[in-house]
4 protein chains.
Amino acid sequence: MPDASRRNEQSRRAILDAALGLLAGTGYAKLTIEAIAARAGVGKQTIYRWWPGKGAVILDALAENATAVTLPDTGDIEADLREVVRATVAEFADPRQSATTRALTAETLADDALGDQVRDRLLRPQLVAVRDRLDKAQRAGQIRDGADLDHAVELIFGPIFHRWLLRTGPLTRRYADGLVDHVLAALR
Amino acid sequence: MPDASRRNEQSRRAILDAALGLLAGTGYAKLTIEAIAARAGVGKQTIYRWWPGKGAVILDALAENATAVTLPDTGDIEADLREVVRATVAEFADPRQSATTRALTAETLADDALGDQVRDRLLRPQLVAVRDRLDKAQRAGQIRDGADLDHAVELIFGPIFHRWLLRTGPLTRRYADGLVDHVLAALR
Amino acid sequence: MPDASRRNEQSRRAILDAALGLLAGTGYAKLTIEAIAARAGVGKQTIYRWWPGKGAVILDALAENATAVTLPDTGDIEADLREVVRATVAEFADPRQSATTRALTAETLADDALGDQVRDRLLRPQLVAVRDRLDKAQRAGQIRDGADLDHAVELIFGPIFHRWLLRTGPLTRRYADGLVDHVLAALR
Amino acid sequence: MPDASRRNEQSRRAILDAALGLLAGTGYAKLTIEAIAARAGVGKQTIYRWWPGKGAVILDALAENATAVTLPDTGDIEADLREVVRATVAEFADPRQSATTRALTAETLADDALGDQVRDRLLRPQLVAVRDRLDKAQRAGQIRDGADLDHAVELIFGPIFHRWLLRTGPLTRRYADGLVDHVLAALR
DNA sequence: TTATAAGCGAGACGGTACGTCACGTCTTGGA
DNA sequence: TCCAAGACGTGACGTACCGTCTCGCTTATAA
């Protein structure tokens with residue numbers, strides 16, 4: 001309904017920055033629409049005009065700052081995979097980053113539309129990048145022909161996600177390496 | 001502080017039932033302490049006296065109804081695993097059950113103590129049961145000696161959890177079977 | 001500040017009509033500047049450019065439609081007074097007209113400038129007309145010389161206004177006649 | 001709906017005091033429910049629980065402090081009437097008191113239930129007191145038998161109210177005396 | 001066998017945030 | 001330059017729940 005062409009870019013940035021600031025600073029608990037509006041020096045209505053809720057604001061804030069995904073490609077799928085899995089595990093292990101991601105994940109569980117957005121805008125690009133790398137490896141004969149690569153990607157990230165979200169075990173480099181071993185055992 | 005021996009069992013049941021009823025009926029949105037108290041015909045204080053928050057109430061309600069875990073054991077690890085994975089996938093695919101579990105999972109993301117409880121009381125028994133079955137298979141030589149069985153369990157449930165929670169794909173019997181194939185490829 | 005010579009007459013009419021329409025239709029509650037602008041198909045600024053507030057708009061709208069005051073003059077002050085008092089009482093008794101007048105009166109209580117306008121443009125002409133008729137009667141010897149005619153006019157309209165605004169009693173023809181009797185008793 | 005027996009008297013007083021304080025201090029403009037709640041150190045809901053709106057709060061605050069009405073009774077109706085009319089006119093002429101009364105009156109114009117309350121609890125006692133005094137005078141032969149005393153009371157207060165509310169003239173002692181003269185001329 | 005203390009239902013309380021409404025100002029693009 | 005359209009900062013609205021509290025009323029030990 002609102003006319004996006006007349007949108008105030010300054011306010012948009014201020015809101016996104018305020019959201020990130022509160023997220024990093026005082027944590028997810030302080031993340032109310034009112035607090036964002038106050039910190040951004042903006043009317044609440046200006047937030048409600050453009051976003052359906054706080055989850056959507058955070059998503060936009062994170063998506064705005066999300067860097068393009070680049071995967072290593074040395075030709076050696078094991079080495080490349082090991083690097084990306086180690087990095088992913090380290091990222092989830094970082095308390096700062098983890099807190100934000102947990103909060104956003106919680107939000108997606110209560111709001112399907114938001115969940116779709118998070119999946120498609122934040123998550124999917126990562127998964128696709130890995131899938132493409134695996135595809136190349138498969139064509140190079142490093143992965144057996146029968147392997148379903150979509151399953152393979154989930155075989156990698158699923159356990160990490162599971163362990164991180166449910167805290168069933170430590171997220172260490174050793175864990176990352178063990179995971180890679182199992183996954184490659186399944187794919188070769 | 002409160003004297004558990006004088007606790008009113010009728011109220012306890014009414015609260016748990018009300019929580020389950022609201023969860024199933026009107027959904028997680030209606031799940032406020034006030035709503036539970038009203039539906040149970042109970043004072044709010046009676047809830048706060050015995051539980052720290054609504055997450056704990058739901059947990060108790062679910063734990064009360066949780067059935068003991070029993071795994072098939074035909075001696076054929078592939079067949080047994082296929083059955084348990086199929087059942088798990090089907091359970092997550094069921095919208096009714098899924099909604100409740102999603103809501104509870106969301107709650108655990110905001111409350112670490114609750115998360116620990118959920119993991120230890122609801123989740124761990126399931127994982128341990130599978131781990132024990134895998135252990136037996138390993139001792140029977142159906143699984144290679146080097147395989148880390150804790151990793152193996154996560155290799156099974158991680159992808160399902162990932163796909164279910166992030167809705168990255170359908171939860172079908174075909175998916176379950178493909179997953180088992182990959183996992184067994186990693187373990188044999 | 002604005003250049004009145006370039007004013008759009010169509011918009012002016014549309015605004016005034018919209019104000020009257022909303023007043024009559026959905027009542028005073030719906031009488032916001034935004035609603036008037038929307039109904040008139042006019043930008044809010046066009047209203048703020050030419051009027052200081054909604055009270056002024058209503059005033060203009062009513063003043064536009066106000067009919068010239070004409071008093072009967074049969075030579076018999078009692079008969080003439082009875083007619084005008086009956087008419088006034090009937091007017092105040094009419095729910096439709098009453099609602100609008102009440103709303104406008106409420107507005108004047110919060111805005112002195114508007115109150116002055118209402119008094120001078122809507123009310124005064126009526127009072128002066130009666131005063132003039134009384135003056136003629138006084139010169140004709142139908143009213144005693146000592147009587148202060150300004151007081152006399154208020155002696156007539158004050159009680160009606162009081163009864164109407166505070167709803168202390170019914171506004172009937174019988175009441176009108178009783179009032180005339182008392183007033184004439186004071187003036188003869 | 002709320003159970004009045006459990007009402008917190010301290011909060012009730014604090015709210016009423018806050019309302020009066022804001023009314024006297026910063027004026028009617030600052031008289032929002034939020035401001036009252038803040039000044040009283042009370043939750044907004046506690047106001048909404050017991051009053052339908054700010055008009056009702058003010059009414060209660062004023063009614064609480066309203067002193068019992070006592071009229072002079074020297075036996076001389078003219079002297080007594082002159083005193084009460086002078087006092088009434090002086091009261092209306094006082095800017096402080098006038099502002100509050102105007103604001104409350106405005107409120108009653110938009111809320112019939114409130115209007116009824118104001119009339120019955122604040123206004124009526126005053127009018128009845130005067131009416132009773134007139135009644136005594138009528139029985140003493142100081143007022144003619146035919147005079148309708150309800151009309152007579154309105155004949156006194158109507159013009160004052162009219163002049164005060166519409167600001168058609170000054171509210172002076174001279175005006176009060178002139179009014180008394182006219183009214184007595186009508187009643188004798 | 002009573003008193004006395006706990007749990008209990010009910011719900012008032014001080015708060016916080018919600019999402020909405022209208023205010024009056026400001027900006028944009030078309031006539 | 002005026003206009004329609006409507007985004008903006010502001011601030012109050014009335015509502016929903018939070019978690020704490022106080023009130024009488026059972027109900028079940030313990031003097």
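The values are calculated or read from the model by the stated rules, or taken from the named source; none is laboratory data. Predicted model only: the values in this text are computed from it and were never measured. Every residue, glycine among them, receives a Cβ derived from its backbone with ideal geometry; neighbour counts consider all protein chains shown. Heavy atoms of the whole protein, side chains included, go into the accessibility calculation; ligands, DNA and RNA do not. Shrake-Rupley method; radii C 1.70, N 1.55, O 1.52, S 1.80 Å.
Quick check on this structure: which one of C:Asp3, C:Asp111, C:Asp76 is out of contact with any Cys (no Cβ under 8 Å at 6 or more places or on another chain) and modelled with pLDDT of 85 or more? Please lay out each step first, then the result.
Values: C:Asp3 fails: modelled with pLDDT of 85 or more; C:Asp111 fails: modelled with pLDDT of 85 or more.
Sole residue among the options that is out of contact with any Cys (no Cβ under 8 Å at 6 or more places or on another chain) and modelled with pLDDT of 85 or more: C:Asp76.
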Checklist line | When residues of the stretch D:14-41 are limited to those that are within 9 Å of DNA strand F (Cβ to nearest atom) and not in a helix (DSSP H, G or I), the one most open to solvent (accessible area, probe 1.4 Å) | finding: D:Thr32
Notebook entry, point to check: So which residues in the stretch D:133-153 are in contact (Cβ under 8 Å) with a residue 24 or more places away in the chain and assigned to a helix (DSSP H, G or I)?
Noted result: D:Arg133, D:Leu134, D:Lys136, D:Ala137, D:Ala152, D:Val153
Next item on the list: With the checklist (1) open to solvent by 20 Å² or more (accessible area, probe 1.4 Å); (2) under 25 Å from B:Asp177 (Cα atoms); (3) within 11 Å of chain B (Cβ to nearest Cβ) in hand, flag the one item A:Gly169 doesn't pass.
Entry: (2)
Note to self: Based on this model, can you work out whether B:Ala19 counts as closer than 23 Å to A:Glu107 by Cβ, in contact (Cβ under 8 Å) with a residue 60 or more places away in the chain and either more than 15 Å from DNA strand E (Cβ to nearest atom) or more than 14 Å from chain A (Cβ to nearest Cβ) (or both)?
What the structure shows: no
Checklist line | Options B:Val85, B:Val128: the member that is open to solvent by 20 Å² or more (accessible area, probe 1.4 Å), assigned to a helix (DSSP H, G or I) and among the hydrophobic types (A, V, I, L, M, F, W, C) | finding: B:Val128
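Has the stretch C:5-13 got any residue that is farther than 21 Å from C:Asn65 by Cα and surrounded by fewer than 18 Cβ atoms within 10 Å (Cβ to Cβ)? Before you say what the answer is, go through the steps one by one.
Residues of the stretch C:5-13 that are farther than 21 Å from C:Asn65 by Cα, as a first pass: C:5-6.
Restricting the remaining residues to those that are surrounded by fewer than 18 Cβ atoms within 10 Å (Cβ to Cβ) gives C:5-6.
Yes - at least one qualifying residue is present in the stretch C:5-13.
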Check: Among the numbered criteria (1) among the β-branched types (Val, Ile, Thr); (2) away from DNA strand E (no atom under 16 Å from the Cβ); (3) assigned to a helix (DSSP H, G or I); (4) over 28 Å from A:Asp112 (Cα atoms), which single criterion is violated by B:Thr46?
Finding: (2)
Notebook entry, point to check: Which condition does D:Leu109 not pass, out of (1) away from chain C (no Cβ under 14 Å); (2) of a type in the set (A, V, I, L, M, F, W, C); (3) without any contact (Cβ under 8 Å) to a residue 12 or more places away in the chain, if it passes all the others?
Noted result: (1)
Notebook entry, point to check: Between a first residue in the stretch A:31-45 that is assigned by TED's automatic domain parsing to the domain that holds A:Leu16 and at pLDDT below 95 and a second residue that is more than 8 Å from DNA strand E (Cβ to nearest atom) and open to solvent by less than 60 Å² (accessible area, probe 1.4 Å), which pairs have beta carbons less than 8 Å apart while being 6 or more apart in sequence or on different chains?
Noted result: A:Leu31/A:Ala19; A:Leu31/A:Leu22; A:Leu31/A:Leu23; A:Leu31/A:Ile58; A:Leu31/A:Ala103
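Within the stretch A:49-58, track down each residue that is surrounded by 13 or more Cβ atoms within 10 Å (Cβ to Cβ) and either farther than 13 Å from A:Ala18 by Cα or near DNA strand F (Cβ under 9 Å from one of its atoms) (or both). Please lay out each step first, then the result.
Step one: filter the stretch A:49-58 for residues surrounded by 13 or more Cβ atoms within 10 Å (Cβ to Cβ), giving A:50-51, A:53-58.
A:Trp50, A:Trp51, A:Gly53, A:Gly55, A:Ala56, listed by residue number.
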Check: Any residue at all in the stretch A:158-165 that is in a helix (DSSP H, G or I), among the basic types (Lys, Arg) and surrounded by 19 or more Cβ atoms within 10 Å (Cβ to Cβ)?
Finding: yes
Check: Of the residues that sit in the stretch B:53-67 and are in a loop (DSSP other than H, G, I, E, B) and touching a residue at least 40 places away in the same chain (Cβ under 8 Å), which one is farthest from DNA strand E (Cβ to nearest atom)?
Finding: B:Ala66
Margin query: Which condition from (1) over 19 Å from D:Leu109 (Cα atoms); (2) within 12 Å of chain D (Cβ to nearest Cβ) is the one that C:Thr100 breaks?
Written below: (1)
Notebook entry, point to check: Any residue at all in the stretch B:100-107 that is buried (at least 19 other Cβ atoms within 10 Å of the Cβ) and either under 17 Å from B:Ala79 (Cβ atoms) or of a type in the set (Asp, Glu) (or both)?
Noted result: yes
Next item on the list: Test D:Asp80 against the stated conditions and say whether it is farther than 23 Å from D:Val118 by Cβ, away from chain C (no Cβ under 14 Å), in contact (Cβ under 8 Å) with a residue 40 or more places away in the chain and open to solvent by less than 20 Å² (accessible area, probe 1.4 Å).
Entry: yes
